[in-house]
Structure formats: structure tokens, C-alpha cells
Amino acid sequence: MQAERVERRQDPRHEPLTNPALIDGVVLTDLTVFADDRGSFSEAFRHAWFPGVPSFVQGNLSRSKAGVVRGMHFHLRQHDLWVPVQGRLQVGLFDMRNGSPTQGVGQAIDLDAGDPRSVLIPPGVAHGFQALSDAVLLYLVTEPYDGTDEHGFRFDDPGLGFTWPLPAAVVSDRDREAPALADVRIEPPPKGDGGAAR
């Protein structure tokens, strides 16, 4: 399933637009770029854009060489907000949630720091990415990392519903040795979770 792009927001004070082609609860936001002779400025995040989502409590920077694949990972408690800082990425998503309207749907989304947009990923939606160039990804999370909410399955599972565009140049041992998608199950989301950001 390929995501369709939402219209560009001209005013960064507006809430981001969502797209019904996206996995339920995933929000793709075009970030307005203000450019002048010095360079440019973009607002990357505002809490009011995502009503119903807990506060983000930790920010991380991931640097990847071209061809690197990271994934597929998912969390049961944590929302992620991904913003490309440098380079180009293909993001892969897969809805693991029992009872979700998009359960079992896989989807690919392109992110490019030169034309920035963010993607909000709710709990129970597996995620990964391939760096299409050397890339830096900023990601904000709603739970501080402690290792207790880390789950995943193989990055190249045939059930994903999409393929990575480049040969996987480097993959961690953790991701290469992850179980098959068919062997991973999660409980239904709590009432109201997963679609709260719509």
C-alpha cells in the first residue's frame, strides 16, 4: 500500500491534515519551510497538532549510511514521531493491531529532508526504514527508553506488503535474527488507542 501525500499546510499554526489512505492512527504532516538568503526554518513539532497523544518525553537522532535497513520494530505503549533531518528514507509500516480497521496492512512512505514532513506512528504499528542516501532521522517518543517495550520481526518478511527499494547493505544482528511476522502476535489495543491522533 503506497501512502498518498496530504496537501501542504501553508500556516504552521494549523493542525496537520490526515489522509484516509494511511494506516489507521498514522498521521503524515507536511512541514512548512520558510526560506531566505540565510537558509531556512521549519517548525518540526507542536503538541497541539496531535490531540490525544501523550507528551513526547525523549528525542533521538539516528544516523544511517545509504542502503542501511532498520526494522521492523514495534511498541505496545509508545508513539513515535519521525522527522527527517538529512537525506532520503523509505519508511515501512505494518499494522499489527488486532481489531484495527487496517489490521494486516503494510505501507511504504517516502521521507525527504529537502521537502520535509513528519510521520506519527501509534503503538502496535510496526515500523522500519531504509536510508536511500546517507540520512539523519530525528524521532521523538512518548516513553523513555528502558528496553521493556521493544518488539519486532524480520525486515524482509514476505508478508510485509512492500519491498525495500535497495539491496540491504547493512542490517543489525537483532533485525536479521528477528522472528517471522507470522510468529508475532499482540493483544488488541486499549479502547480509544491507535486512532486518537485522527
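The values are calculated or read from the model by the stated rules, or taken from the named source; none is laboratory data. Computed from a prediction, not measured in an experiment: that's the story for all the values here. Cβ: placed from backbone, ideal geometry, glycine included. Neighbour counts: every protein chain shown.
Let's see how each residue does on (1) assigned to a loop (DSSP other than H, G, I, E, B); (2) under 21 Å from residue 29 (Cβ atoms):
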| residue | (1), (2) |
| --- | --- |
| 60 | no, yes |
| 63 | no, no |
| 82 | no, yes |
| 97 | yes, no |
| 111 | no, yes |
| 114 | yes, yes |
| 119 | no, yes |
| 128 | no, yes |
Verdict on residue 152 being surrounded by fewer than 18 Cβ atoms within 10 Å (Cβ to Cβ), of a type in the set (Gly, Ala, Ser) and either at pLDDT 95 or above or under 21 Å from residue 77 (Cβ atoms) (or both): no
Search result, residues across segment 76-112 that are of a type outside the set (Val, Ile, Thr) and within 16 Å of residue 60 (Cα to Cα): 78, 79, 80, 81, 82, 84, 86
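Being of a type in the set (A, V, I, L, M), over 19 Å from residue 179 (Cα atoms) and in contact with a His (Cβ under 9 Å, 6 or more places away or on another chain) is the filter here; which residues of segment 122-158 pass it? First the steps, then the outcome.
Narrowing segment 122-158 to residues of a type in the set (A, V, I, L, M): 125-126, 131-132, 135-138, 140-141.
Filter once more, so that each one left must be over 19 Å from residue 179 (Cα atoms): 131-132, 135-138, 140-141.
Those that are of a type in the set (A, V, I, L, M), over 19 Å from residue 179 (Cα atoms) and in contact with a His (Cβ under 9 Å, 6 or more places away or on another chain): 140, 141.
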Number of the exception - residue 37 against (1) out of contact with any Ser or Thr (no Cβ under 9 Å at 6 or more places or on another chain); (2) closer than 28 Å to residue 174 by Cα; (3) modelled with pLDDT of 95 or more: (2)
Condition check for residue 113: surrounded by fewer than 21 Cβ atoms within 10 Å (Cβ to Cβ), modelled with pLDDT of 95 or more and among the small types (Gly, Ala, Ser): yes
Scan of segment 65-77 for residues that are under 13 Å from the mean Cα position of the chain (by Cα) and not in a strand (DSSP E or B), ordered by number: 75
